[in-house]
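Trainee: Pasting a structure below so you can have a look.
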Amino acid sequence: MEPFCWAECWVGRVRDPSPFRGDTTERGVSRASYIMYIVPKLDDYSPGALDRAVAELLRALDDETGALKNESDYKAFRDRWLARKNGILTQVNDTWLKAAPGPSKREVGQRVNALKARVEAAIDDAHGKIHASSADARLTAERVDVTLPGIQRPIGVKHPVLRVMDEIVAVFKAMGYSIGEGPEVETDYYNFESLNFPPNHPARDTQDTLFIAGQEKKPARDRLLLRTHTSPVQIRTMEKQPPPVRIVIPGKVHRNDPLDATHSPVFHQVEGLAVDTNITFCDLKGTLDHAMKALFGSSVKTRFYPSFFPFTEPSADMQVSCIFCGGKGCRTCKFSGWIELLGCGMVDPNVFDFVKHNGYDSSKISGFAFGMGPDRIALLKYGVEGLQAFFEGDMRFLEQFA
Ligand code: DAH
């Protein structure tokens, strides 16, 4: 006896052996919730028996098409019925037609042909329905609600420090200065030596430097570090360009300082340099006084205190009258009426000696230089409590400048 020929086989249908019903397999095929049709062997080829067998098959076909839920169900169903190897129609051909006794062959052949056409038409029909319903489902799922508000992308704004840097640069640009830039990873020569900080000179201690590791084999002047100020671009500019020079240099600088309200390992400077014949300390004072009035308003006053920088002689610290109390004294100016804002001075002849070959003969030319911290100016200008806020990237803080 064939293994599938149990008692039910005579009825032509057996129960789906799967314990799962009505759910979906891993490949997305719904498990049959109807009784799976199995092609029965025919013993009786009388027209009545053939009619019953055909009717049974068509009922099964109906049940199966009715249970199709999706495209994968449809494909499994189509293969089950139409597969050349062992599909139901092939089985019908083999089990009914080929096995039919000679006299019934014609009759069985006609029925099998008609059956084939019915089955193929039903499968085509099922495909149309499944396709339409899955397209409908997709359309519904993917429907775009055009009445929803669009995605609003916030427009970026300049960082407050960058804004102040740009303002400072604009003030000097209006006085005929050009803009220069230099590398943040700098050599010892440009950052210190050519600015008249001799090797091992204690003046270097004022700029707590971050050195690049693994430079020991190089000569001292070629060793790399993160620039501690924008002043190295003074020498870089004079190497490239003979006098006269008027240049402002905005940029990022680094020092080995932990972040607190007034210090940061990364901060900014705007450097300035003017070199020409007959440049005097008066030019320096007049230029910076004008720049401060342009930045903080025409009522602001400036004053200059003696100071020391290796690359300027004489050197000065410039103070502005307090922009909050107008000089009367308040918490911000520590009740002095003045705020210290930048370092400056007349370019030291020793600095010019490093670029003598390019026309910088200190007996013929002179110049002034200055360097200021836009972070500190931004603190004052926007009334911000501590430097940290500028570098933390907290949107709640930054959004206030939008
Ligand atoms: N480079 C100095 C610093 O970082 C600031 C400075 C002072 C720059 C005087 C100058 C200058 O050009 O003349 O402390």
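Trainee: So how much accessible area does Asp283 have, in Å² to the nearest 10, using a 1.4 Å probe?
Mentor: 60 Å²
Trainee: Jot down the radius of gyration and Dmax of region 130-209, Cα atoms only, both in angstrom.
Mentor: Calculated on Cα positions, Rg and Dmax stand at 29.7, 87 Å.
Trainee: What's the FRET efficiency of Ile155 with Thr262 using the Cβ-Cβ distance as r and R₀ = 25 Å, to the nearest 0.05? Don't skip to the answer; put the middle values down first.
Mentor: On the way: r = 32 Å, r/R0 = 1.27.
That gives a FRET efficiency of 0.20.
Trainee: Can you tell me the mean projection area, over all orientations, of the convex hull of region 293-360's alpha carbons? Units nm², please. Before the final figure, lay out each step's value.
Mentor: On the way: hull surface 23.0 nm².
The Cα convex hull of region 293-360, projected and averaged over all directions, gives 5.8 nm².
Trainee: Would you kindly find the accessible area of Leu97, with a 1.4 Å probe and non-protein molecules such as ligands, DNA and RNA excluded, rounding to the nearest 10 Å²?
Mentor: 40 Å²
Trainee: Expected output is a single nm value to one decimal: the length gained when fully extending between Glu392 and Ala49, i.e. 0.36 nm times separation in residues minus the C-alpha distance. What is it? Mind dumping the intermediate values first?
Mentor: Details: separation 343, 0.36 × 343 = 123.48 nm, distance 8.75 nm.
Gain in length upon complete extension: 114.7 nm.
Trainee: Another question, then. Using a Gaussian network model on the chain with a 10 Å cutoff between Cα atoms, which of Glu271, Glu313, Glu56 fluctuates the most?
Mentor: Glu56
Trainee: Can I ask one more? So the label point goes 7 Å from the Cα of Leu82 along Cα→C-beta, right? Which residues of region 107-124 then have their backbone N under 17 Å from it?
Mentor: Label zone hits: 113-124.
Trainee: So, one more: Tell me the Kirkwood radius of region 179-222: reciprocal of the mean inverse pair distance over distinct alpha-carbon atoms, in Å. Don't skip to the end; give the middle numbers.
Mentor: On the way: mean 1/r = 0.0864 Å⁻¹.
Here the Kirkwood hydrodynamic radius works out to 11.6 Å.
Trainee: log10 I(q)/I(0), Debye, Cα-only the chain, no solvent, q = 0.09, 0.12, 0.14 Å⁻¹?
Mentor: Here the Debye-derived log intensity ratios amount to -0.65, -0.98, -1.18.
Trainee: Per DSSP H run of n ≥ 4, the term is -39500 (n - 2.57); total these for the chain, divide by its residue number, and report the mean residue ellipticity at 222 nm rounded to 500 deg cm²/dmol.
Mentor: On the way: 12 runs with 140 residues, N = 402.
Value at 222 nm, helices only: -10500 deg cm²/dmol.
Trainee: In whole percent, how big is the carbon plus sulfur part of the accessible area of region 349-402, probe 1.4 Å, protein atoms only?
Mentor: On the way: 1350 of 2730 Å².
Reported share for carbon and sulfur atoms: 50 percent.
Trainee: Using a 1.4 Å probe and counting only protein heavy atoms, arrange Trp81, Trp338 so the residue with the most accessible area comes first.
Mentor: Values: Trp81 0, Trp338 60 Å².
Descending accessible area places them as Trp338, Trp81.
Trainee: While we're here: Take every Cα pair under 8 Å in region 110-241 that's 6+ residues apart, average their separations, divide by the length, and report that relative contact order as a whole percent.
Mentor: On the way: 73 pairs, mean separation 30.3, N = 132.
Dividing the mean separation by the residue count of region 110-241 yields 23 percent.
Trainee: I would also like to ask the following. Each label point is 7 Å from the Cα along the Cα-to-Cβ direction; what then is the distance between the points at Tyr382 and Lys328, in nm?
Mentor: The answer from the label model is 2.7 nm.
Trainee: Rounded to the nearest angstrom and ordered from largest down, what semi-axes does the equivalent ellipsoid of region 75-203 get from its C-alpha gyration tensor (root of 5λ)? Write out the running numbers ahead of the final one.
Mentor: Details: eigenvalues 1648, 132, 21 Å².
Semi-axes, largest first: 91, 26, 10 Å.
Trainee: Kindly flag which residue pairs out of Lys41/Lys85; Lys158/Lys381; Lys301/Lys381; Lys285/Lys364; Lys105/Lys129; Lys173/Lys240 have an alpha-carbon separation exceeding 26 Å in this structure.
Mentor: On the way: Lys41/Lys85 18 Å; Lys158/Lys381 15 Å; Lys301/Lys381 16 Å; Lys285/Lys364 21 Å; Lys105/Lys129 36 Å; Lys173/Lys240 20 Å.
Over 26 Å Cα-Cα: Lys105/Lys129.
Trainee: Short version: what are the Cα gyration tensor semi-axes of region 234-294, square root of 5 times each eigenvalue, largest first, in whole Å?
Mentor: For region 234-294, the semi-axes come out at 28, 17, 8 Å.
Trainee: Right, next: Between Gln215 and Ser133, what length in nm is gained on full extension when 0.36 nm per residue of separation is reduced by their alpha carbon distance? Write down the numbers at each step before the final one.
Mentor: On the way: separation 82, 0.36 × 82 = 29.52 nm, distance 7.16 nm.
Separation in residues times 0.36 nm, less the Cα-Cα distance, equals 22.4 nm.
Trainee: Using a cut-off of 20 Å between alpha-carbon atoms, which aspartates and glutamates can reach Lys218, once sequence neighbours fewer than 8 places away in the same chain are excluded?
Mentor: Qualifying aspartates and glutamates at Cα under 20 Å: Glu184, Glu186, Asp188, Glu193.
Trainee: Give the aspartates and glutamates whose C-alpha is closer than 20 Å to that of Lys328, dropping any in the same chain fewer than 8 places away, or say none.
Mentor: Asp289, Glu340
Trainee: Right, something else. Can you tell me which of Gln241, Gln215, Gln91 moves the most in a GNM of the chain? Springs connect C-alpha atoms under 10 Å apart.
Mentor: Fluctuation is largest for Gln91.
Trainee: For region 247-360, list log₁₀ I(q)/I(0) at each q in 0.10, 0.18 Å⁻¹, using the Debye formula over Cα point scatterers of equal strength and ignoring solvent, two decimals each.
Mentor: -0.38, -1.11
Trainee: Now for a separate question. Taking K and R as +1 and D and E as -1, what net charge do the other residues with C-beta under 13 Å from the C-beta of Ser366 add up to?
Mentor: -4
Trainee: Any idea how far apart Asp222 and Ser298 come out in nm if each label point goes 7 Å out from Cα toward Cβ?
Mentor: Placing both labels 7 Å along Cα→Cβ, they lie 5.6 nm apart.
Trainee: Separation of region 359-393 and region 275-314 by C-alpha centroid, Å?
Mentor: 13 Å
Trainee: Measure off, as a whole percent, the carbon and sulfur share of the 1.4 Å-probe accessible area of region 108-261, all protein chains present. Walk me through the intermediate numbers first.
Mentor: Details: 5010 of 9120 Å².
On region 108-261, the fraction of accessible area on carbon and sulfur atoms equals 55 percent.
Trainee: Let me ask something else. Using a 7 Å offset from the Cα along the Cα-to-Cβ direction at both Asn70 and Phe308, what is the distance between the two label points in nm, to one decimal?
Mentor: With each label placed 7 Å out from Cα toward Cβ, I get 8.1 nm.
Trainee: Still on this model: Given a 1.4 Å probe and the protein chains all in place, what does the accessible area of Ser264 round to, in Å² to the nearest 10?
Mentor: About 10 Å², ignoring ligands and nucleic acids.
The values are calculated or read from the model by the stated rules, or taken from the named source; none is laboratory data. Here the structure is a predicted model, which is why all the values come from computation and not from measurement. Glycine gets a Cβ as well: all are built from the backbone with ideal geometry, and neighbour counts include every protein chain shown. Side chains included, ligands, DNA and RNA excluded: accessible areas come from the protein's heavy atoms. Shrake-Rupley method; radii C 1.70, N 1.55, O 1.52, S 1.80 Å.
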